[in-house]
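Please treat every number below as a calculation from the coordinates, not as lab data. For clarity, every value in this text was computed on a predicted model and none was experimentally measured. Using ideal geometry, Cβ is built from the backbone for each residue, glycine included, and neighbour counts are taken over all protein chains shown.
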């Protein structure tokens, strides 16, 4: 899937019409049927099945908030099928509207800017629930998982749920990540997919519980490990390309500590600095080709990388400083390429400069608890996205190794450290 782009001077981009707010539309039955129909082939190919838990508590026409873990592109196909014919307004990233806003709105989509404070989103969701009598589908993690475990949830989610006051339903998928992990470059594996749909909070629960209590319930619901699921269920993934792109996640060698020297191919990943290699087995374990396997479990390797980043921040040695190609989004007409620049990240947050001195954007470490970063974004490349309500800046690092995952980890850890110091 690609996105509409055009090259333009930054001054011309800033002169473009700003995006006008439009309230959500309730998707009519035709678009609900269409979405289910186009989802059917993938679900059939994965032998999709699902189970329901206490869903009899939800009225057939009762609006609700549906939360779902975000593993791959099949997620929406699952939701639009298991919840049919319930009308859904779907919260999705604003760049998904570029070049196809009319279609996205007809499908019931509500745009939001990832990891940017968006009070209008809350008003739009309330409008959909109360005025349109539609349900809301939200991927509350906001980003795809890199290592197969849950990404951070927004701390304000509990307060938002209390404001809405409608039942909360959880969709938890199994096999979606194993079939199509983000790092693997959209290459599908032969894995069956299933889901559990659970009624987790009633309006009465929401009235009587605090926002903190609700957050605790949600954190428990979003506690999962897709590699552990594969291992415990003996799910065999025999595709010879299963480790390709894994260096994007496992960017630091646990043997010698080198960063940016990991290279993957086939079922293997190798450190070009020290020569140590590992194989991703058919059942989701890492095995060293020689010597000790430091981290047989990929999420443990990723957690170690997180701790290393945190220690760098605490010691004052963490610093990102890379050349980037820069694209901007100020409306949903196109994404605008504005030239080259430099992206830095450290104790004081992000700073993006470029366009012959015309661009100098700074983002404070407390601006967001996580980072919009992605692999092979719209088939353009690995991306780091920062910005605010006025504009988003999509930064594509050039010639500096695999830094996207580390930058996300650093953003999250820096936020925690700064927040704790307040």
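Using the Cβ-Cβ distance between residue 398 and residue 52 with R0 set to 60 Å, the FRET efficiency from 1/(1 + (r/R0)^6) comes to roughly 0.80.
Take the alpha carbon atoms of segment 241-364, find their radius of gyration, then divide it by 2.2 N^0.38 Å using N residues; give the quotient. If you can, show how the numbers build up before the last one.
Numbers: Rg = 18.4 Å, N = 124, 2.2 N^0.38 = 13.7 Å.
So segment 241-364 has a normalised radius of gyration of 1.34.
Ranked by the mean number of other Cβ atoms within 10 Å of their residues, highest first, the peptides 357-368, 126-137 fall in the order 126-137, 357-368. Counting only Cα atoms, segment 318-420 measures 39, 29, 25 Å along its principal axes, largest extent leading.
Computed from the C-beta positions of residue 40 and residue 196, the FRET efficiency with R₀ = 30 Å rounds to 0.90. Distance between the pseudo-spin-label points of residue 163 and residue 376 (7 Å out from Cα toward the beta carbon): 3.7 nm. For segment 318-420, what relative contact order do you get, as a whole percent, if you take Cα pairs closer than 8 Å and at least 6 residues apart? So the answer I get is 26 percent.
Relative protection proxy for 55-66, 278-289, from highest mean packing down: 278-289, 55-66 (other beta-carbon atoms within 10 angstrom).
Taking 0.36 nm per residue of separation and subtracting the current Cα-Cα distance, fully stretching the chain between residue 2 and residue 210 would add 70.6 nm. Sorting the segments 294-304, 83-93 by their residues' average number of neighbouring beta-carbon atoms within 10 angstrom, most packed first, yields 83-93, 294-304. Rounded to the nearest 5, the antiparallel percentage of DSSP beta bridges internal to the chain is 70%. Summarising the label geometry, the points placed 7 Å from Cα in the beta-carbon direction at residue 353 and residue 273 lie 2.8 nm from one another. Taking every alpha-carbon pair in segment 20-232 and binning the separations at 5 Å intervals from zero gives 1, 7, 15, 20, 22, 18, 12, 5, 1, 0 percent. Computed from the alpha carbon positions, the gyration tensor of segment 246-314 leads to an equivalent ellipsoid with semi-axes of 19, 13, 11 Å, biggest first. Taking all Cα pairs closer than 8 Å and separated by 6 or more residues, the relative contact order of segment 20-232 comes to 29 percent. Under the Kirkwood approximation for Rh and a Cα-based Rg, what ratio Rg/Rh is obtained for segment 1-82? On the Cα set of segment 1-82, Rg over Rh gives 1.11. Taken over the chain, the percentage of Cα pairs per 20 Å bin, counting from 0 up to the bin with the maximum distance, is 25, 59, 17, 0.
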